[in-house]
Amino acid sequence: MELELTDEQKMVQKTAADFAKSEVLPKAAEIDRNHRHPKELVARMAELGLMGVAVPEEYGGAGFDTISYVLAMEEISRACASTGVIMSVNNSLVCDPILKFGSEEQKKKWLVPLASGQLLGCFALSEPEAGSDAAAQKTVAKKTADGDYLISGVKNWITNGPVADVCVLICMTAKELGHKGISAFILPMKEKGVRVGPPDKKLGIRGSQSCQIFLDDVKLSPSAMLGKEGDGFKIAMATLDGGRIGIASQALGIARASLEDSLAYAMERRTFGKPIAQHQAIQWKLADMATELEGARLLTWRAATLKDEGGRFSMEAAMAKVFASEVCNRAAKEAVQIFGGNGYVEDFPVERHFRDAKITEIYEGTSEIQRLVIAGNLLKE
Ligand code: CAA
């Protein structure tokens, strides 16, 4: 077992850490306060190769591996969880399925600009009545006499939706076939009939814009289909396996921010004549936060390693996501407690970490869904 990062992975980590510290962190509170999409940071991430970390260079990416992606995601999310998820959706939910399931023509047309960050992507699976029950798709693509598809329906909570150029869209092409009648398309967001709703007003990750997408007889040719007709559900599920590694890494970043901010504060803040870091009540919290963070990181690295080996890693990704997201919520909650009254006001960053943490237990599959995936795999064996 090899637990040492390679020189290349360390280089990606350092590049992301330097950028996060000098350019992302100083803006994180303002981005959150103003619910602002950090366009200029996304442009810088594109320059640094962070919008397609594990996409081969020939398709516009940086050509690194999934561990490098995970390392970069932790660094960016440690500074700003909103910026982290913008990056994660583009890498995991948009570039990855096009790389894995796209035709050569689709890779040249869409993957190259997406992975190099010239275009930004979103992934539209969820609907008002198809969240956890992802197969219950009501958005329908009907085949016309000339072979094109006319697509109508509503998509919900689409991260990057208000600012995306391209969408990986999942919808029903043959309702009678259930999940085997679901297909995936690459949809340009400027296509006639696509309307984007106002940005959702969210508890946390307020710089990450999400919205409803309304599709009204949107016409796409068969060349826009990703994979074959009926492959859409498996494409979505396989894509989410990778996405869950990205969200686990985002959770690591938020947990680390909670721990590092708490450590710094505990050494400064004094009660009963000494820094609060010298009270055992605080030390135990810090010890638990650090220990759980290490555990979550190892699970996430293991899932990333398995992804790069090319086999199925659904259970390991679900384990990483459920554990890291719950670790991150515990860490953020304890950070607020360590900060006391100062943890409850906007002037200190842990209030933001507390709000940002919650979504990691919800999107790309709730904690309940992750446990279903894990149990399903255990019972299969
Ligand atoms: N990879 C490949 N194939 C898979 C798969 C995977 N990970 N998971 C399931 N499949 C296949 C199964 O093998 C099965 O194939 P067969 O029909 O050939 O046997 C088929 O898909 C159906 O599988 P299930 O019977 O397990 O499907 P289900 O309807 O019971 O659903 C579920 C399973 C795990 C609950 C799934 O619906 C799920 O993951 N739900 C959560 C959805 C989710 O994560 N949504 C997040 C939205 S995206 C988002 O949040 C993005 C964002 O904006 C940040």
For this session: Scan the stretch 239-263 residue by residue and report those that are open to solvent by 10 Å² or more (accessible area, probe 1.4 Å), more than 15 Å from the ligand (Cβ to nearest atom) and farther than 17 Å from T83 by Cα.
Result: L259, E260, D261, L263
For this session: Mind listing just one residue for me: the one in the stretch 124-146 that is touching a Cys at 6+ places or on another chain (Cβ under 8 Å) and within 14 Å of the ligand (Cβ to nearest atom) and, of those, farthest from T366 (Cα to Cα)?
Result: T139
Exercise. For the stretch 264-299, how many residues meet the condition of being closer than 15 Å to G343 by Cα, of a type outside the set (D, E, K, R) and open to solvent by 50 Å² or more (accessible area, probe 1.4 Å)?
Worked result: 1
Exercise. Given the conditions (1) of a type in the set (V, I, T); (2) open to solvent by less than 10 Å² (accessible area, probe 1.4 Å); (3) within 20 Å of I86 (Cβ to Cβ), and given that I182 satisfies all but one, which numbered condition is not satisfied?
Worked result: (3)
For this session: State yes or no: is G61 on the phi > 0 side of the Ramachandran plot, touching a helix residue (DSSP H, G or I) at 6+ places or on another chain (Cβ under 7 Å) and assigned to a loop (DSSP other than H, G, I, E, B)?
Result: no
For this session: Determine which single condition G230 fails, assuming it passes every other condition in (1) closer than 28 Å to S367 by Cβ; (2) within 16 Å of the ligand (Cβ to nearest atom); (3) not acidic (D, E).
Result: (1)
Exercise. Within the stretch 339-358, is there a residue that is within 15 Å of the ligand (Cβ to nearest atom), modelled with pLDDT of 95 or more and either touching a strand residue (DSSP E or B) at 6+ places or on another chain (Cβ under 6 Å) or closer than 24 Å to A130 by Cβ (or both)?
Worked result: yes
Exercise. Would you pick out the residues in the stretch 44-53 that are open to solvent by 40 Å² or more (accessible area, probe 1.4 Å) and either part of a loop (DSSP other than H, G, I, E, B) or not assigned by TED's automatic domain parsing to the domain that holds I86 (or both)?
Worked result: L48
Problem set entry | First in the stretch 346-375 and in contact (Cβ under 8 Å) with a residue 12 or more places away in the chain, second anywhere and buried (at least 24 other Cβ atoms within 10 Å of the Cβ) and acidic (D, E), Cβ under 9 Å, 6 or more apart | V373/D241
Seminar exercise, completed: Sole miss for E74 among (1) under 18 Å from the mean Cα position of the chain (by Cα); (2) surrounded by fewer than 24 Cβ atoms within 10 Å (Cβ to Cβ); (3) not in a loop (DSSP other than H, G, I, E, B) is condition (2)
Seminar exercise, completed: Going through (1) of a type in the set (S, T, Y); (2) closer than 22 Å to L259 by Cβ; (3) open to solvent by 30 Å² or more (accessible area, probe 1.4 Å) one by one, T6 fails only at (2)
For this session: For D217, indicate whether it is outside the structural domain of D96 (by TED's automatic domain parsing), at positive phi and surrounded by fewer than 21 Cβ atoms within 10 Å (Cβ to Cβ).
Result: yes
Exercise. Counting just the residues of the stretch 150-166 that are in contact (Cβ under 8 Å) with a residue 60 or more places away in the chain and open to solvent by less than 10 Å² (accessible area, probe 1.4 Å), which one comes out farthest from F233 (Cα to Cα)?
Worked result: N160
For this session: Check whether at least one residue in the stretch 315-328 is over 22 Å from M73 (Cβ atoms), part of a helix (DSSP H, G or I) and at pLDDT 95 or above, and report yes or no.
Result: no
Exercise. Only one of A124, A136 is buried (at least 21 other Cβ atoms within 10 Å of the Cβ), more than 23 Å from A296 (Cα to Cα) and modelled with pLDDT of 95 or more; which?
Worked result: A124
Exercise. Can you pull out the residues in the stretch 323-367 that are of a type outside the set (D, E, K, R), surrounded by fewer than 20 Cβ atoms within 10 Å (Cβ to Cβ) and closer than 30 Å to L125 by Cα?
Worked result: I362, T366, S367
Exercise. What strands (runs of 3 or more DSSP E) lie completely within the stretch 123-199 and have 1 or more residues being aromatic (F, W, Y), farther than 15 Å from E229 by Cβ and out of contact with any Leu (no Cβ under 8 Å at 6 or more places or on another chain)?
Worked result: 149-159
Problem set entry | Cβ pairs under 9 Å, 6+ apart, first in the stretch 26-39 and of a type in the set (V, I, T), second part of a helix (DSSP H, G or I) | I31/V24; I31/L41; I31/S82; I31/T83
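The values are calculated or read from the model by the stated rules, or taken from the named source; none is laboratory data. This structure is a prediction, so every number in the text was calculated from the model and none was measured. Because the Cβ atoms are built from the backbone with ideal geometry, glycine has one as well, and the counts that use them run over all protein chains shown. With ligands, DNA and RNA removed, areas are computed over all heavy atoms of the protein, side chains included. Shrake-Rupley method; radii C 1.70, N 1.55, O 1.52, S 1.80 Å.
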